[in-house]
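First the structure, in the form of structure tokens, and then the observations on it.
A short reminder: the numbers here are calculations on the coordinates, not readings from a lab. Computed from a predicted model, the values in this text were never measured in an experiment. Heads up, the Cβs are rebuilt from the backbone with ideal geometry, glycines too, and the neighbour counts pull from every protein chain shown.
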Amino acid sequence: MEFLDLIRIADSAQDVLQVLGSYVESLQNVDVIPDWCLRGPIDGEYEVRRRTAALLAVVDAASLRLDDRGCLVAKQALNVFAAAAGQLRGNGGSRPPADMPGAARGDPDAGRRAEPREALRSGEGQRGS
């Protein structure tokens, strides 16, 4: 059974995060994905969504570079993270950090409106930089 299937059948947020953690470990030598996206622990829906936004930017960047292999690998990772984010939202997920704009006033979408390009703009943690 593949990671994506395991995430889709997970019964709890803890199970989703455990499978996602194993998936992230399997990507440790993938150069196209920023290091910080592969560091653990992944401790909730907000963190999964943040990394999903970064992976969207990675897919976009690989596509612009015409890097077919990088684009494929990043799309696969994006699929897994998006499925995990969806499962976590369906399983109650987690609240964004209190210092996240909108979190203090109880905005249910606080932390979910990430700009994908912002995740890569600084180049923080990218391999080969």
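For segment 1-60, a residue qualifies if it is of a type in the set (S, T, N, Q), farther than 13 Å from Ala82 by Cα and assigned to a helix (DSSP H, G or I), and the qualifying residues are Gln14, Gln18, Ser22, Ser26.
When residues of segment 34-75 are filtered for being over 19 Å from Ala13 (Cβ atoms), surrounded by fewer than 17 Cβ atoms within 10 Å (Cβ to Cβ) and not basic (Lys, Arg), how many remain? Counting residues in segment 34-75 that are over 19 Å from Ala13 (Cβ atoms), surrounded by fewer than 17 Cβ atoms within 10 Å (Cβ to Cβ) and not basic (Lys, Arg) gives 9. Look at segment 53-66: where a residue is free of Cβ contacts under 8 Å to residues at least 40 places away in the same chain and a partner is of a type in the set (Gly, Ala, Ser) and surrounded by fewer than 20 Cβ atoms within 10 Å (Cβ to Cβ), sitting 6+ places away or on another chain with Cβ atoms under 6 Å, you get Ala62/Gly70.
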